[in-house]
1. Among residues belonging to region 78-111 that are β-branched (Val, Ile, Thr) and within 29 Å of Lys141 (Cβ to Cβ), point out the one that is surrounded by the most Cβ atoms within 10 Å (Cβ to Cβ).
2. Criterion first (over 14 Å from the mean Cα position of the chain (by Cα), loosely packed, with under 15 Cβ neighbours inside 10 Å and among the small types (Gly, Ala, Ser)) does Ala237 satisfy it?
3. Could you list, in sequence order, the residues of region 112-144 that are open to solvent by 20 Å² or more (accessible area, probe 1.4 Å) and assigned to a loop (DSSP other than H, G, I, E, B)?
4. From the list Arg245, Arg266, Arg298, Arg286, pick out the single residue that is farther than 30 Å from Gln75 by Cα and modelled with pLDDT of 85 or more.
5. Considering only residues of region 240-264 that are polar (S, T, N, Q) and open to solvent by 40 Å² or more (accessible area, probe 1.4 Å), which is farthest from Glu70 (Cα to Cα)?
6. For the condition in contact with a strand residue (DSSP E or B) (Cβ under 9 Å, 6 or more places away or on another chain), modelled with pLDDT under 50 and open to solvent by less than 70 Å² (accessible area, probe 1.4 Å), what is the one hit in Ser38, Ser31?
7. Give me a count of the residues in region 52-77 that are open to solvent by less than 80 Å² (accessible area, probe 1.4 Å), of a type in the set (Ser, Thr, Tyr) and part of a loop (DSSP other than H, G, I, E, B).
8. For region 150-171, does any single residue satisfy the condition of being part of a loop (DSSP other than H, G, I, E, B), closer than 25 Å to Tyr80 by Cβ and touching a helix residue (DSSP H, G or I) at 6+ places or on another chain (Cβ under 9 Å)?
Amino acid sequence: MNSLLPSTFSLLPSPSAFLPHHSHGFSYLASPTSFTFSNKERRCLRNDGPVETAPKFELKPPPYPLNALEPIISQETLEYHWGKHHRAYVENLNKQIAGTDLEGKSLEDIIVISYNKGDILPAFNNAAQAWNHDFFWESIKPGGGGKPSGDLLKLIERDFGSFERFIDELKIAATTQFGSGWAWLAYKDNRLDVGNAVNPLATEEDKKLVVVKSPNAVNPLVWGYYPLLTIDVWEHAYYLDFQNRRPDYISLFIDKLVSWEVVSSRLEQAKVLIAEKEKEDERKKREEEEELLTGGSRAQMYPYSDAEGIVE
């Protein structure tokens with residue numbers, strides 16, 4: 001079923017408040033057809049001749065000590081989850097893109113290009129999982145949880161009816177994601193014509209908070225959504241501490257770990273980026289209209305007669 005960043009962003013003081021440290025933000029969206037792929041081998045073509053070495057993606061540590069989330073998430077879990085699983089995604093990604101057209105691109109570009117409209121290319125899983133985990137670590141903090149405030153809370157109450165109903169919906173999404181995957185709170189712009197993927201929530205409503213779930217490595221970036229919060233429901237995220245009690249992990253994650261300050265900052269940055277996009281779209285629309293008007297005026301002033309081959 002097809003439905004299912006190496007610099008910082010300067011508009012907000014803290015890049016970690018919105019996206020992973022290696023993020024370019026949400027202005028990354030590139031055309032999936034910008035690169036050449038081998039249909040036979042299903043991989044990005046390697047460059048011929050000498051190639052300059054591009055900076056590799058680095059494994060960033062969580063923004064807190066590995067024992068800081070105890071007793072909810074143990075140091076042992078972090079040592080495996082971050083130290084082994086996350087590390088493997090980053091290292092494997094660097095190997096996969098070395099010498100290909102993807103080398104040197106932002107992590108978001110690699111995600112969108114290799115998602116390939118759901119016909120996933122090999123680099124996608126490691127790229128998306130590297131991004132997802134950076135985003136995940138920065139979504140939580142020791143002593144988190146509680147309730148958000150400000151515009152975030154107002155939007156939650158507007159779009160879900162109440163904070164309690166939102167929590168219920170998020171818990172259901174995380175609990176019912178079959179197998180490995182993620183549950184997300186995302187900000188949905190009015191981009192219903194996202195060319196890269198089937199939009200899983202295609203409605204006429206825009207600028208709305210939505211809860212979605214995604215399998216394996218898939219994240220809302222491929223739909224053109226703005227991720228605000230995620231819960232990792234791969235078993236390696238919780239099994240050492242909770243065994244098969246996923247609902248208990250999800251409840252404690254939300255009640256005790258979520259950093260609502262980070263989620264709020266991500267929402268504000270999403271609004272800024274959407275406003276910039278709307279201005280750019282409006283500018284392009286005006287230019288197109290002016291071009292049509294100018295072209296039409298010239299056509300009326302100098303009509304051409306095919307029969308006589310002269311200007312009347």
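1. Filtering region 78-111 down to residues β-branched (Val, Ile, Thr) leaves 90, 97, 100, 110-111.
Now narrow it down to the ones that are within 29 Å of Lys141 (Cβ to Cβ): 90, 110-111.
Working: Val90: 22, Ile110: 30, Ile111: 27.
Checking each candidate, the answer is Ile110.
2. On the way: over 14 Å from the mean Cα position of the chain (by Cα): yes; loosely packed, with under 15 Cβ neighbours inside 10 Å: no; among the small types (Gly, Ala, Ser): yes.
Here the answer is no, as Ala237 does not meet what is asked.
3. Selection gives Asp119, Ile120, Pro122, Lys141, Pro142, Gly143.
4. Numbers: Arg245 fails: farther than 30 Å from Gln75 by Cα; Arg266 fails: farther than 30 Å from Gln75 by Cα; Arg298 fails: modelled with pLDDT of 85 or more.
Result of the check over Arg245, Arg266, Arg298, Arg286: Arg286.
5. Of the residues in region 240-264, the ones polar (S, T, N, Q) are 243-244, 251, 259, 264.
Filter once more, so that each one left must be open to solvent by 40 Å² or more (accessible area, probe 1.4 Å): 243-244.
Numbers: Gln243: 16, Asn244: 19 Å.
Filtering region 240-264 for residues that are polar (S, T, N, Q) and open to solvent by 40 Å² or more (accessible area, probe 1.4 Å), the one farthest from Glu70 (Cα to Cα) comes out as Asn244.
6. Working: Ser31 fails: in contact with a strand residue (DSSP E or B) (Cβ under 9 Å, 6 or more places away or on another chain).
Result: Ser38 is the single residue among Ser38, Ser31 that is in contact with a strand residue (DSSP E or B) (Cβ under 9 Å, 6 or more places away or on another chain), modelled with pLDDT under 50 and open to solvent by less than 70 Å² (accessible area, probe 1.4 Å).
7. 2
8. Initially, region 150-171 is screened for residues part of a loop (DSSP other than H, G, I, E, B), giving 161-162.
Among the residues that remain, those that are also closer than 25 Å to Tyr80 by Cβ are: none.
The answer is no, given that none of the residues of region 150-171 is part of a loop (DSSP other than H, G, I, E, B), closer than 25 Å to Tyr80 by Cβ and touching a helix residue (DSSP H, G or I) at 6+ places or on another chain (Cβ under 9 Å).
The values are calculated or read from the model by the stated rules, or taken from the named source; none is laboratory data. Please read all numbers here as calculations on a predicted model, not as lab measurements. Note that each Cβ is placed from the backbone with ideal geometry, even for glycine, and that neighbours are counted across all protein chains shown. These accessible areas exclude ligands, DNA and RNA; they are computed on the full protein's heavy atoms, side chains included. Shrake-Rupley method; radii C 1.70, N 1.55, O 1.52, S 1.80 Å.
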